[in-house]
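Contents: one structure, followed by commentary.
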Amino acid sequence: EVQLLESGGGLVQPGGSLRLSCVASGFTFTDYAMNWVRQAPGKGLEWVSGFSGRGTNTYYADSVKGRVTISRDNSKNTLYLQMHSLRAEDTAIYYCAKDTGSGVGALGWYYFDSWGQGTLVTVSS
Amino acid sequence: IQMTQSPSTLSASVGDRVTITCRASQSVSNWLAWYQQKPGKAPKLLIHKASSLPSGVPSRFSGSGSGTEFTLTISSLQPDDFATYYCQQYNSYSRTFGQGTKVEIK
């Protein structure tokens, strides 16, 4: 059974930083791209960033480009999202989501078949 | 690619046939998924490749369409189906979602 467990959320002041983690189990981690998807309170879903299964292909939504860095440690089956210069509009539940593609180049990015329970990030003074 | 769902809210009764529409701002071929989300829970995959049901998804759910227009149909609404539904295109690495359709009890 696939399990994704996020952690690292919390309250942070505007301009602050935070690192989210997602520990994966139940599948071969390196076979799949991994993503972060967020949901602001009462709003819809927004893809934030993705990291390919093998190699180092990474992509970001325009709304976070330059302020966040996605990374993964395949030896620990863990995905990370380092966030800097946080703004009030970054307040959201951040979900870790397993891709059904491997993320090879610009292709191989598909839909999400497993999601974590989410971790809440609140940016407020 | 912008995804637009209609309606935003839908009121229906148990047993009703329900249809939700999703339109893409440009063709996404059949690279379209649907998710169901209940309050306080993560989204759950319902349909991929516009019309394919993953194992475990009830057959009352069906999807159709290609290019820029897609539909999600629930043939006979059940109490467990009251939730918010999102479409998502995966024609490119920059995946985008529709704004959601909330299915409420009439």
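Values in this text are rule-based calculations from the coordinates and carry no lab data. Everything numeric in this text was worked out from a predicted model, so none of it was measured. Ideal geometry is used to build each Cβ from the backbone, glycine not excepted, and the neighbour counts take in all protein chains shown.
One table, with the values for the structure above:
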{"item": "10 Å Cβ neighbours from other chains, averaged over peptide B:91-103", "result": "5"}
{"item": "In Hz, Karplus ³J(HN,Hα) per residue of segment A:35-41 (6.51, -1.76, 1.60; θ = phi - 60°; x = Gly, Pro)", "result": "9, 10, 10, 10, 9, 5, x"}
{"item": "For B:Thr96, residues with placed amide H under 5 Å, excluding near neighbours", "result": "B:Gln89"}
{"item": "Chain B, relative contact order in percent, only Cα pairs under 8 angstrom and at least six apart counted", "result": "38"}
{"item": "Placed amide H near B:Ser29: partners under 5 Å, 5+ positions off or other chain", "result": "B:Gly67"}
{"item": "Pairs from A:Lys65/A:Lys98; A:Lys65/B:Lys41; B:Lys49/B:Lys106; A:Lys43/A:Lys76; A:Lys65/B:Lys38; A:Lys65/B:Lys44 whose Cα-Cα separation, in the structure shown, is over 25 Å", "result": "A:Lys65/B:Lys41; B:Lys49/B:Lys106; A:Lys43/A:Lys76; A:Lys65/B:Lys38; A:Lys65/B:Lys44"}
{"item": "Viscosity 1.306 mPa s, temperature 10 °C, Stokes-Einstein D of segment A:37-93 from Kirkwood C-alpha radius, µm²/s", "result": "129"}
{"item": "Average other protein chain Cβ within 10 Å of Cβ, residues A:54-61", "result": "1"}
{"item": "For segment A:70-86, Karplus couplings with θ = phi - 60° (6.51, -1.76, 1.60), whole Hz, Gly/Pro x", "result": "9, 8, 8, 10, 5, 6, 10, 6, 10, 10, 10, 9, 8, 10, 10, 6, 5"}
{"item": "Pairwise centroid distance, computed over Cα atoms, of segment B:1-65 with segment A:8-23, Å", "result": "31"}
{"item": "HN-Hα J in Hz across segment A:46-59 - Karplus 6.51, -1.76, 1.60, θ = phi - 60°, x for Gly and Pro", "result": "9, 5, 9, 6, x, 10, 5, x, 10, x, 9, 6, 10, 9"}
{"item": "Whole-number percent relative contact order across segment A:28-70, with pairs defined as alpha carbons under 8 Å at least 6 apart", "result": "33"}
{"item": "Inter-probe distance in nm under a simple model that places probes 7 Å from Cα toward Cβ, at A:Ser17 and B:Ser92", "result": "3.1"}
{"item": "Histogram of C-alpha separations across chain B, 5 Å bin width, %", "result": "3, 14, 26, 26, 19, 9, 3, 0"}
